[in-house]
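S.K.: To start, I am sharing the structure in question, which I have written as structure tokens.
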Amino acid sequence: MIIKAENLKKVFGNFVAVDGINLEIPSGQIVGLLGPNGAGKSTTISMISTLYKPTSGRLLFDGKDIVKEPKWIKPHLGYVPQEIALYQTLTGYENLKYFGGLYGLKGVELKKRIASVSEIIGIDDRLKDKVEQYSGGMKRRINIGVALLHNPKLIIMDEPTVGIDPQSRNHILDTVKLLNEQGMTVIYTSHYMEEVEALCQSVYIMDHGKVIASGTQEELISQSDSHTAIHMTFDVSVKEYLARFKEIKNVMAITQNTEMDVSILASGNGNSQKEIIHEIMSMDIGLVSFDVTKPNLEQVFLKLTGRGLRD
Amino acid sequence: MWGLLKLKVRLMKDYMVLYLIMIGMSLFMAGIFGNTMGGNYVATLALVDLDQSIESSEIITNLTSEHGFNVKLMSYDEALVEVENRNVISAVVINNDFNQSEKGIEIVQIRETVESFQLSRILQSEVEQLNNIVSLSDRILEVSDANNVSIEPNALRSSVRTTYLDHWESKKPISLIRSVHNASSGLSAGLGVHYTVGMTLFFVTYSIMFTVGDILEDKRIHTLDRLLVSPATRRNMLTANLFTGMLIGVIQLVVMVLSGQFLFGISWGEHIGLVLGIGTLYIGVMTTLSLFIVSLVKTMAQLGSLSPIILTGMGMLGGCMWPLEIITSKPLLMLANFTPHKWALSAIEGAVIYGRIDQNTWISVGVLAVMAIGYLILGERMMYFKSLKQN
Ligand SMILES: Nc1ncnc2c1ncn2[C@@H]1O[C@H](COP(=O)(O)OP(=O)(O)OP(=O)(O)O)[C@@H](O)[C@H]1O
Ligand SMILES: [Mg+2]
């Protein structure tokens, strides 16, 4: 475990922002922290990155106490703040150079690191421009790059894709995957379910300062008792076939939306919907189109809290 | 630590315009004040000579030839009109038998100014000097009369005068005090120094305050978070901020000392080390004071509105704008003691204008050092407290 949190709590005044959470983050994984606004994600990772002192609880990095020994931990930690935290009047290169300098990098070594980081974040052609002239996506990329210079063991990213175009977002997601393949452990915070689904091997779902569920995506989905939904449209009225649909294996419930339009909920493992579709097609009753909605973390969250992630 | 220092020094570039304005302002103000009140400007005064004696004419001659005043002789009534119309800085009335009576010389003026203050000091010392010469001559006459030696009184007086002046001129303590009045450019030398030093001390505080306050900017743009997660410690950050504050302060000081020498013709002479030393100590105080003030506010905008009030107030109280000698209010003079400006100014002026490096100089140094340490402790504690609270 690179990070272990036990009963971690943070109170601001009399507001409990993080309410006694437990985390176990294994080395070499991408771990997601998913939750709506104000869930306590930033507060949690601010404690891990030594910015905030926990009100109570224990927080270990490679077995060492983060609060007591920040000196040993800081050099191995990369932190990407939720906001763009760059000197806008300096160039991208200067930002990389000076922040790298804070980690004792200098000379040829620093130059090499800047070259490799700017290649990873895909921004080497604009390094000589001032950050204030960058687009939102480029700023986000530099914001990440600055945290990579000292080649940390653990990188903590707080919503690194907020407010940017899809192209930059995809690039960032690829970057995260690449870093992980190179052995870096990543804590990835987001309220975009798709990002967490695409990246993370395991997920913690937070709400109101508490971890309300955790595990791999499959575990979360099966725990939450969510189901695949199949939506079908026919060119005839399907009323008379409904009874036959119901008899197909793994069909849990059927809702008729309009005369020629039904939704079927499938139980069982991830492939049960294929069999259902196959059965219905073989009945040859004029299926025009269908689409499948697999259960996702959004639905898990909805089940757990009765609210959407981005209400 | 080095990485952090390099970063902070690089960021100073963003404040370049502020620094240039501050240097420009201190040059401009020192030039304006130092020159209109000195330099080619000659203060005119009305003189009413009711005594009409050799002594009174000696004083009048000295006012013109030695002290560089433009003296207009006139009647009392005419003089009053001239004062009222502000054609003259003041009217000097030399009463009959002035050197033997309480109010021998009277000064009529609308209000106290630097020149009229200097004038009253000059007259004071002229009368004292005259009285010394007269009483010395009288005593010699008495003795010689008693011994039946006849001496021509006027010749004696003139000889006594020459001896007296020669004698005192060569004795250090007195000749130095007199050098204020005897300086070739009259009033301007003292004022030139005063305004150059005063304006430097005043304007340098702004550069320092905003340089130290850069930590607030780091907070605003969230780079503070990056600094805090890096291996740089809070103490490193504080040190780096104090260092840059001191750095810009010392640069500005050196620029002004050089400008004083080459633009305003001030000769710092052998006191250059003392000027730089005390100036640096003062900059140390203002840097730590800035740290303290910065720890009290939350944003750069708050600092921007608070600091001019504090800094201008302190500068005015401390005598940067006008010499404290013309202030008579006791409470104001009391308050002046709490400003580092007063101590730095009086030590530097004492040395450069009056050539005086004595106990008072070291008291000033001591007070400045205590202030620097006090504000450092206070500011450091506050910053620490604040960062704990914020976290
Ligand atoms: N310094 C602070 N002082 C007081 N309250 C705070 C502070 N920081 C955070 N909070 C509160 O703690 C709660 C959790 O905030 P946090 O920033 O951790 O949420 P988050 O999950 O990161 O949300 P978002 O997705 O909006 O970034 C919020 O209600 C917030 O108002
Ligand atoms: Mg957040």
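The values are calculated or read from the model by the stated rules, or taken from the named source; none is laboratory data. What you see is a predicted model, and the numbers here were worked out from it, not measured in a lab. Positions of Cβ are generated from backbone atoms using ideal geometry, with glycine treated the same way; all protein chains shown enter the neighbour counts. Quick note on the areas: whole protein, heavy atoms, side chains included, nothing else; ligands and nucleic acids left out. Shrake-Rupley method; radii C 1.70, N 1.55, O 1.52, S 1.80 Å.
S.K.: With a 1.4 Å probe and all protein chains kept in place, how much accessible area does B:W322 have, in Å² rounded to the nearest 10?
M.R.: Counting only protein heavy atoms, the figure is 90 Å².
S.K.: Keeping all protein chains in position, work out how much accessible area B:S259 exposes to a 1.4 Å probe, and write it in Å² to the nearest 10.
M.R.: My reading of the accessible area for B:S259 is about 10 Å².
S.K.: Mind checking which of A:I172, B:L4, B:F264 is farthest towards the positive end of the protein assembly as shown's charge dipole, using Cβ charges of +1 (Lys, Arg) and -1 (Asp, Glu) about the Cα centre?
M.R.: Farthest towards the positive end: A:I172.
S.K.: Please list, in order along segment B:320-327, the HN-Hα scalar couplings obtained from phi with the Karplus expression 6.51 cos²θ - 1.76 cosθ + 1.60 (θ = phi - 60°), rounded to whole Hz, x for Gly and Pro.
M.R.: Karplus-based 3J(HN,Hα) across segment B:320-327 equals 6, 7, 9, x, 4, 4, 8, 8 Hz.
S.K.: Taking only C-alpha pairs under 8 Å that are 6+ residues apart, what is the relative contact order of chain B in percent?
M.R.: Taking the mean separation of contacting Cα pairs over the length of chain B, I get 19 percent.
S.K.: Determine the dipole magnitude for the protein assembly as shown: charges of +1 sit on the beta-carbon of Lys and Arg, -1 on that of Asp and Glu, nothing else is charged, the reference point is the Cα centre, and the result goes in debye to the nearest 20.
M.R.: On the way: 61 positive and 69 negative charges, 510 e Å.
Around 2460 debye, computed over the protein assembly as shown.
S.K.: Let me ask something additional. Can you give me the relative contact order of chain A as a percent, contacts being Cα pairs under 8 Å and 6 or more apart?
M.R.: Working: 570 pairs, mean separation 61.5, N = 311.
The value is 20 percent.
S.K.: I've got another one for you. Pop out the Kirkwood hydrodynamic radius of segment A:202-311 from its pairwise C-alpha distances, inverse of mean 1/r, in Å to one decimal.
M.R.: On the way: mean 1/r = 0.0653 Å⁻¹.
Every distinct Cα pair counted, the radius reaches 15.3 Å.
S.K.: Is segment B:225-296 best put as rounded, prolate or oblate by its Cα gyration tensor, with a ≥ b ≥ c the root eigenvalues, rounded for a/c under 1.5, and otherwise prolate when a/b is larger than b/c, oblate when not?
M.R.: Working: a/c = 3.33, a/b = 2.90, b/c = 1.15.
The shape class here is prolate.
S.K.: If I fit a long axis through the Cα atoms of helix A:107-120 and take the longest principal axis of the Cα atoms of chain A, what angle between them do I get, 0 to 90°, rounded to 10?
M.R.: Roughly 20 degrees, rounded to the nearest 10.
S.K.: For a quick check: with amide H placed at 1.01 Å from N, whose amide H comes under 5 Å from A:M206's, ignoring anything fewer than 5 positions away on the same chain?
M.R.: A:L34, A:G35, A:I212
S.K.: Another question, if that's okay. How do B:Y76, A:Y192, B:Y282 rank by accessible surface area computed with a 1.4 Å probe, from largest to smallest?
M.R.: Numbers: B:Y76 105, A:Y192 50, B:Y282 0 Å².
The residues order as B:Y76, A:Y192, B:Y282, largest area first.
S.K.: Stick to the Cα atoms of segment B:8-113, pair each with every other, and give me the Kirkwood hydrodynamic radius in Å at one decimal. Mind dumping the intermediate values first?
M.R.: Numbers: mean 1/r = 0.0601 Å⁻¹.
For segment B:8-113, inverting the mean 1/r across all distinct Cα pairs yields 16.7 Å.
S.K.: Quick one: what do you get for chain B if you divide its Cα Rg by 2.2 N^0.38 Å? Present the calculation step by step, with values, prior to reporting the outcome.
M.R.: Working: Rg = 26.7 Å, N = 391, 2.2 N^0.38 = 21.3 Å.
The reported ratio for this selection is 1.26.
S.K.: Compare the Cα positions of A:V108, A:H76, B:P308 along the charge dipole of the protein assembly as shown (+1 at Cβ of Lys, Arg; -1 at Cβ of Asp, Glu; about the Cα centre) and return the one farthest towards the positive end.
M.R.: Positive-end residue among those listed: A:H76.
S.K.: Please report the projected area of chain A's Cα convex hull averaged over all directions, in nm².
M.R.: Numbers: hull surface 77.0 nm².
Spelled out: convex hull of the Cα atoms, projected over all directions, averaged, 19.3 nm².
S.K.: Skipping prolines and chain starts, which residues have an amide H placed within reach, meaning under 5 Å, of the one on A:I2, given they are 5 or more residues away or on another chain?
M.R.: Hits under the 5 Å cutoff: A:I25, A:S27.
S.K.: Which entries of A:K274/A:K294; A:K53/A:K74; A:K106/B:K219 show an alpha-carbon separation above 19 angstrom in the structure shown? Don't skip to the answer; put the middle values down first.
M.R.: Values: A:K274/A:K294 12 Å; A:K53/A:K74 14 Å; A:K106/B:K219 26 Å.
Result: A:K106/B:K219 exceed 19 Å.
S.K.: Continuing with this model, one more query. Lys/Arg Cβ at +1, Asp/Glu Cβ at -1, dipole of segment A:227-294 taken about the Cα centre: which of A:S267, A:L287, A:A253 is farthest positive-ward?
M.R.: The one lying farthest along the dipole's positive direction is A:S267.
S.K.: Could you give the semi-axes, largest first, of the ellipsoid that matches the protein assembly as shown, computed as the square roots of 5 times the alpha carbon gyration tensor eigenvalues and rounded to whole Å? Could you put the intermediate results ahead of the total?
M.R.: Details: eigenvalues 1493, 112, 84 Å².
The three semi-axes for the protein assembly as shown are 86, 24, 20 Å.
S.K.: Over the Cα atoms, compute the radius of gyration (one decimal) and Dmax (the largest Cα-Cα distance, rounded to a whole number) for segment B:44-170, in Å.
M.R.: When restricted to Cα atoms, segment B:44-170 yields Rg and Dmax of 16.5, 56 Å.
S.K.: Now a separate question. Please give the Cα centre distance for segment A:20-82 versus segment A:238-311, rounded to the nearest Å.
M.R.: 41 Å
S.K.: Report, in degrees rounded to the nearest 10, the 0 to 90 angle that the Cα long axis of helix B:272-296 makes with the longest principal axis of chain B.
M.R.: The angle comes out at about 50 degrees.
S.K.: Continuing with this model, one more query. Please list, ordered by chain and number, the residues whose modelled amide H lies under 5 Å from the amide H of B:L47; skip anything fewer than 5 residues away on the same chain.
M.R.: Those lying under 5 Å, H to H, from B:L47 are B:K72, B:L73, B:M74, B:V92.
S.K.: Next question. Give me the Å³ per residue figure for the convex hull around the C-alpha atoms of segment A:90-236. Working shown, then result.
M.R.: Numbers: hull volume 25.7 nm³, N = 147.
Considering the Cα atoms of segment A:90-236, their hull volume per residue is 175 Å³.
S.K.: Taking a ≥ b ≥ c as the square roots of the Cα gyration tensor eigenvalues, with a/c under 1.5 meaning rounded and otherwise prolate when a/b beats b/c, else oblate, which class fits segment A:104-185?
M.R.: Working: a/c = 1.89, a/b = 1.12, b/c = 1.68.
Oblate, since a/c reaches 1.5 and b/c is not below a/b.
S.K.: For segment A:173-222, what are Rg and Dmax over the alpha carbons, in angstrom?
M.R.: Reported Rg and Dmax, both Å: 11.6, 34.
S.K.: From the helices alone, meaning DSSP H stretches of at least four residues, give me the mean residue ellipticity at 222 nm for chain B, per-run term -39500 (n - 2.57), in deg cm²/dmol to the nearest 500. Intermediate results must be reported in sequence, preceding the final value.
M.R.: Working: 16 runs with 279 residues, N = 391.
Taken over chain B, the calculation gives -24000 deg cm²/dmol.
S.K.: Please go through segment B:89-130 and write out the trypsin sites (Lys or Arg not before Pro) that DSSP classes as loop and that have at most 11 other C-beta atoms within 10 Å.
M.R.: Details: sites: B:K103, B:R111, B:R121; in loops: B:K103, B:R111.
Those satisfying the criteria are B:K103, B:R111.
S.K.: Can I ask one more? In segment A:3-222, what percentage of the DSSP-assigned beta bridges are antiparallel, given to the nearest 5?
M.R.: Working: 21 of 39 bridges.
Among the beta bridges of segment A:3-222, antiparallel pairing accounts for roughly 55 percent.
S.K.: Per residue of chain A, what 222 nm ellipticity follows from adding -39500 (n - 2.57) for every DSSP H run with n ≥ 4, rounded to the nearest 500? Before the final figure, lay out the partial values.
M.R.: Details: 11 runs with 105 residues, N = 311.
My calculation for chain A gives -9500 deg cm²/dmol from helical runs alone.
S.K.: May I pose another question? Given Cα pairs under 8 Å that are at least 6 residues apart, what percent is the relative contact order of segment A:227-294? All intermediate terms of the calculation are to be shown ahead of the outcome.
M.R.: On the way: 111 pairs, mean separation 32.9, N = 68.
Computed over segment A:227-294, the figure is 48 percent.
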